[in-house]
Amino acid sequence: MSDRFDTGVAHPARRYNYWLGGKDNFAADRESGDLLAKSYPAARIAARANRGFLKRAVRYLAAEAGIRQFLDIGTGLPTADNTHEVAQRVAPDSRIVYVDNDPMVMVHARALLTSTPAGLTRYLEEDLRNPEKILAQADILDLSRPVGLNLVAVVHFLADQEQAREIVHTLLGALPSGSHLVMSCATTDFLTPELKANWDEALRTGRSDVYPRTRAEVEEFLTGLEVVDPGLVAVSEWRPDPSDTEHPTPVEASIFGVVAGKP
Ligand SMILES: C[S@@+](CC[C@H](N)C(=O)[O-])C[C@H]1O[C@@H](n2cnc3c(N)ncnc32)[C@H](O)[C@@H]1O
């Protein structure tokens, strides 16, 4: 294995995979996952709630907003109901560009490239911090037509809010009217002071790399957009499916979810 695969260091994609019950993770990821779950006990429930939000939001964009192209940044390791599978179930001609900066996701990217014949998928190993590079390489997307921009559980890995705002602004600036942002972002807004203090402590001592955002900070990403009902809510409260078996509270989910359109 090349040294790009440092299996001794925890990576967000593999830790998330561990929380979701997947097999593509190493001891360091499991240790980090268990440590984080000490300061935030509902981590596994939150991971599942976040994944459910991604699925419902993509289905909404494909079925109700007429979106046929997606730019999915911070894709994660392939799991059930990847963006192209959800979108192409509604509209087989959907095109999806996946982007992640973890080389391990690249190794598993074949599972993201199982497009329908009518549609198309691509995988780019790139960093969210390079939005122009991402846009330049997303050449299977027609940027004169609406795009669904998925930034699901990824902006909270950027510590700097101003940098995050700039990146979201650059990406949305390149997309035409009718495009939609699907965003989820960890928050401590719903937590008790004690749980919030644990989370802050984990960040301060380098045990966590998840930088939560307040409601007001998430709203900064939505400037100039039209927020779709029910607005900015805990991911578990964004248009839940009646058939869902789990109903996490906002405290358990602790991730904001929102879908917003570009007028
Ligand atoms: C928690 S997972 C979310 C996966 C998927 N979006 C979902 O919500 O189910 C976060 C993903 O973002 C990726 N990631 C973190 N920082 C990134 C960055 N700066 N650029 C690109 N991807 C990044 C990680 O490698 C990981 O795969």
Among the residues of segment 77-98, which ones are in contact with a helix residue (DSSP H, G or I) (Cβ under 6 Å, 6 or more places away or on another chain) and of a type outside the set (S, T, N, Q)?
Leu77, Pro78, Asp81, Val86, Ala87, Val90, Ala91, Ile96, Tyr98
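Restricting to helices (runs of 4 or more DSSP H) lying wholly in segment 1-87: which have 3 or more residues that are in contact with a Leu (Cβ under 7 Å, 6 or more places away or on another chain) and either away from the ligand (no atom under 12 Å from the Cβ) or closer than 24 Å to Leu143 by Cα (or both)?
none
Please work out which residue is most open to solvent (accessible area, probe 1.4 Å), limiting yourself to segment 96-125 and to residues that are part of a strand (DSSP E or B) and hydroxyl-bearing (Ser, Thr, Tyr).
Tyr123
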If you go through segment 205-237, how many residues are over 25 Å from Ser39 (Cα atoms) and in a loop (DSSP other than H, G, I, E, B)?
9
Segment 137-171, residues that are away from the ligand (no atom under 15 Å from the Cβ) and not in a helix (DSSP H, G or I)
Asp139, Ile140, Leu141, Asp142, Leu143, Ser144, Arg145, Pro146, Val147
In segment 205-224, the residues that are under 22 Å from Gly173 (Cα atoms) and in contact (Cβ under 8 Å) with a residue 60 or more places away in the chain
Phe221
Scanning segment 172-204 for residues that are open to solvent by 40 Å² or more (accessible area, probe 1.4 Å) and in a loop (DSSP other than H, G, I, E, B), the one farthest from Pro248 (Cα to Cα) turns out to be Ser177
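Name the single residue, out of those in segment 242-257 being β-branched (Val, Ile, Thr) and within 15 Å of Ala37 (Cβ to Cβ), that is least open to solvent (accessible area, probe 1.4 Å).
Ile255
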Condition test on Trp238, is it surrounded by 14 or more Cβ atoms within 10 Å (Cβ to Cβ) and more than 23 Å from Lys55 (Cα to Cα)?
no
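The values are calculated or read from the model by the stated rules, or taken from the named source; none is laboratory data. For clarity, every value in this text was computed on a predicted model and none was experimentally measured. FYI the Cβ positions are ideal-geometry reconstructions off the backbone, even for glycines, and counts take in every protein chain you see. Each accessible area value is taken on the protein alone, full model and side chains, heavy atoms only, with ligands, DNA and RNA left out. Shrake-Rupley method; radii C 1.70, N 1.55, O 1.52, S 1.80 Å.
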